[in-house]
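Beneath this line is the structure, given in structure tokens, with notes to follow.
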Amino acid sequence: MSELRPDLAKIAAEVPRGVRVLDVGCGDGALMAELRDAKGCDARGMEIDGDAVEQAVARGLSVVQGDADRDLVDYPDAAFDIAILSQTLQTARRPDALLRQLLRIGQTAFVSFPNFAYWRMRLALLLGGRMPVVRHLPVSWYETPNIHHLTITDFEELAAEMGVRIEGSWFFAGGREIGGTNANWRAEHAVFRVRRD
Amino acid sequence: MAGAIDRGQRLAQSPFRPYAAHPMTKRDAITFRSALLPQPLPLDSGRELAGVVMAYETYGELNEARDNAVLVFHALTGDQFVASEHPVTGKPGWWERMVGPGRPVDTDRYFVVCANVLGSCMGSTGPATQGPEGEPYAMRFPVITVRDMVRAQAALLDVLGIDTLHAVVGGSMGGMQALSFAANWPQRTRRVLAIATTARHSAQNIAFHEVGRQAIMADPAWNGGDYYEGQGEGGKGPEKGLAVARMAAHITYLSEAGLTEKFGRRLQDRDAKSFGFDADFQVESYLRHQGISFTDRFDANSYLYITRAMDYFDLAEEAGGRLADAFVAARDVRFCLVSFDTDWLYTTADMREVVHALNAVAAPVSFVELSAPYGHDSFLLDVPALDRVVRGFVG
């Protein structure tokens, strides 16, 4: 088995066998390949980077080069059991619209994102007075694709506002899973399982 | 020539009925491997065509289960010699980098079939073929469509005893055939690979083709299409018109950057402009050569008919106006679509329309826009990323 990032490994573990999955922002298809090979899923992907799409297609996966902000509207309602959005929400032009599309296409969605309220971020901003450049967000403000930074609390509030039910959440720091206590301080990454209410 | 002898030997081993071509043009001196379709071919125009012959080549072995066949569709001026020497020009197969032993379409694993399209001039029935009246069809040949071409290919598969294909593969007009095959015979293939193509000819596409057709028809030697042996000027066709048509079309196959890089404003075999109308510039010389050499291997009437078929191509129209409806029965077929960033003939935007339609019916589709400097012709040239995508998709 390939070395999946901890958030992807968690999603792979949580996805039921044999379901239809759309992985938005699938990269080179590592998660899709895992879902296909280990879970017998019918996995499809969307990815904006051409080189990554080429690698995914070369491993026999069905991946469309596309922009999640623009191209998800072409998928029919409820076409998939599960939609996955890993490390992409914070790059969307309108994360709320993207989340709505995700839950229109999929019955259930897994969403993972970096937590901007992680304590090192808070400290770096408080003491340094600059946009933090840290281990889990290593790119300077002017070249980061992350145009809508958010925190775990932000996501929970957005979900509540949109009438989206949070069914599960998992948190990660230092490359491993941590408990949920004070997650908005302690977690570098979060994974949520959500569905339409 | 050696290639022709090889083909003759293979023909003798062929279980399929060979067809003796009529000696109308120099191409007819070659014996093509071919099959006679047993039934008249119904056409989209409402007419039907009896006695259709399909010339084809095969590579690799058909397995016991007869399920490892890959059908390759050629482009406008292509032919069945996808991976073997061209019998007229002596050049290597037009897609040898893609099809062959160990190649992305691996003939050690797959039985590759490539047929000369209906309406063409390399052994399949077309305007140069003798019609029922005993003389070449010429402009009495019925106007055909891309779907008619594909219908003839499907009938050839019947003759070959191939029910379901592992994949259909094509670029440019070959890609149109691949999409048409998926729309009309979705149960007969498991994979569709369409490269640098479109689901509909645009006004600009039609406009360029019309320039080519008018160039041919404005040549007095065209003679209303009756220029074959024993007609008009005695077998000398509208070579000047056909050459101009090819020159105009050839520009659309290249990118501006590619032309600039290859030729710039460099002069041809001279140090200064001639203040005349010789081919002063390298690009002129190149285009003239492309045009003239094309007339050695292609029939002008075939060029008229095939460009017409491409202009008529509109998969959405065939499905009642909505492209997604064309693919409703193809939702279990795996698709892979590839465009090139410098292709301005059939653009990434054209390809995205197909992707959107396939997504709308939830068909498993892959799409990638590859970066290559050669414009539309990129699908035929050295683009390693394309090799990787094709190998990965065909499997």
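The values are calculated or read from the model by the stated rules, or taken from the named source; none is laboratory data. This is a predicted model, so every value here is computed, not measured. We place every Cβ from the backbone using ideal geometry, glycine too, and count neighbours over all the protein chains shown.
B:L165 fulfils the conditions (1) surrounded by fewer than 22 Cβ atoms within 10 Å (Cβ to Cβ); (2) modelled with pLDDT of 95 or more; (3) touching a Lys or Arg at 6+ places or on another chain (Cβ under 9 Å); (4) not charged (D, E, K, R) except for a single criterion, (1). For region A:94-106, the tally of residues that are more than 14 Å from chain B (Cβ to nearest Cβ) and either crowded, with 20+ Cβ neighbours inside 10 Å or at pLDDT below 95 (or both) stands at 5.
Out of the helices (runs of 4 or more DSSP H) lying entirely within region B:232-324, which hold 1 or more residues that are under 16 Å from B:W222 (Cα atoms)? By residue number, B:239-253, B:282-297, B:300-312. For region A:99-122, the count of residues that are within 25 Å of A:D69 (Cα to Cα) and among the charged types (D, E, K, R) is nonzero. Among the residues of region B:349-369, those that are more than 7 Å from chain A (Cβ to nearest Cβ) and either outside any helix (DSSP H, G or I) or crowded, with 22+ Cβ neighbours inside 10 Å (or both) comprise B:M351, B:V354, B:A357, B:L358, B:V361, B:A363.
Kindly check whether there is at least one residue in region B:279-297 that is among the aromatic types (F, W, Y), within 27 Å of B:D350 (Cα to Cα) and under 18 Å from the mean Cα position of the chain (by Cα).
No, because not a single residue in region B:279-297 is among the aromatic types (F, W, Y), within 27 Å of B:D350 (Cα to Cα) and under 18 Å from the mean Cα position of the chain (by Cα).
Residues checked against (1) part of a helix (DSSP H, G or I); (2) closer than 25 Å to B:R47 by Cα:
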| position | (1), (2) |
| --- | --- |
| B:P127 | no, yes |
| B:R147 | yes, yes |
| B:V150 | yes, yes |
| B:Q153 | yes, yes |
| B:G170 | no, no |
| B:L179 | yes, yes |
| B:F208 | yes, no |
| B:M217 | yes, yes |
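Matching residues to (1) farther than 14 Å from B:S302 by Cβ; (2) of a type outside the set (D, E):
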| position | (1), (2) |
| --- | --- |
| B:D67 | yes, no |
| B:V70 | yes, yes |
| B:E96 | yes, no |
| B:V99 | yes, yes |
| B:D108 | yes, no |
| B:L118 | no, yes |
| B:G123 | no, yes |
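Can you say whether A:A30 is surrounded by fewer than 23 Cβ atoms within 10 Å (Cβ to Cβ), among the aliphatic types (A, V, I, L, M) and over 17 Å from the mean Cα position of the chain (by Cα), as far as the supplied structure shows?
no
Only residues that are over 20 Å from the mean Cα position of the chain (by Cα) and among the small types (G, A, S): list them for region B:181-222, please. Correct list: B:A203, B:A215, B:A218, B:A221.
Applying the condition of being in a strand (DSSP E or B) and of a type outside the set (D, E, K, R) to region A:139-167 and asking which residue is farthest from A:R120 (Cα to Cα) yields A:V164.
Restricting to region A:60-91, count the residues that are crowded, with 23+ Cβ neighbours inside 10 Å, away from chain B (no Cβ under 12 Å) and not in a helix (DSSP H, G or I). Counting residues in region A:60-91 that are crowded, with 23+ Cβ neighbours inside 10 Å, away from chain B (no Cβ under 12 Å) and not in a helix (DSSP H, G or I) gives 5. Of the listed requirements (1) within 17 Å of the chain's Cα centre (by Cα); (2) part of a helix (DSSP H, G or I), A:D23 misses just one: (2). Filtering region B:290-310 to residues that are surrounded by fewer than 19 Cβ atoms within 10 Å (Cβ to Cβ) and either in contact with a His (Cβ under 8 Å, 6 or more places away or on another chain) or within 15 Å of B:I206 (Cβ to Cβ) (or both) leaves B:Q290, B:R297, B:R308.
Could you check region B:117-152 and list, in sequence order, the residues that are charged (D, E, K, R) and under 17 Å from B:G237 (Cβ atoms)?
Selection gives B:E135, B:R140.
When B:I216, B:I206 are screened for being within 22 Å of B:F313 (Cα to Cα) and buried (at least 23 other Cβ atoms within 10 Å of the Cβ), only B:I216 passes. Among the residues of region A:34-59, those that are within 11 Å of chain B (Cβ to nearest Cβ) and not aliphatic (A, V, I, L, M) comprise A:D42, A:R44, A:G45, A:E47, A:D49, A:G50, A:D51, A:E54, A:Q55, A:R59.
Okay, residues lined up against (1) touching a Lys or Arg at 6+ places or on another chain (Cβ under 9 Å); (2) within 14 Å of another protein chain (Cβ to nearest Cβ):
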residue	(1), (2)
B:A300	no, no
B:D314	yes, no
B:V328	no, yes
B:V394	yes, yes
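Does A:L85 fit the bill of being in contact (Cβ under 8 Å) with a residue 40 or more places away in the chain and not hydroxyl-bearing (S, T, Y)?
yes
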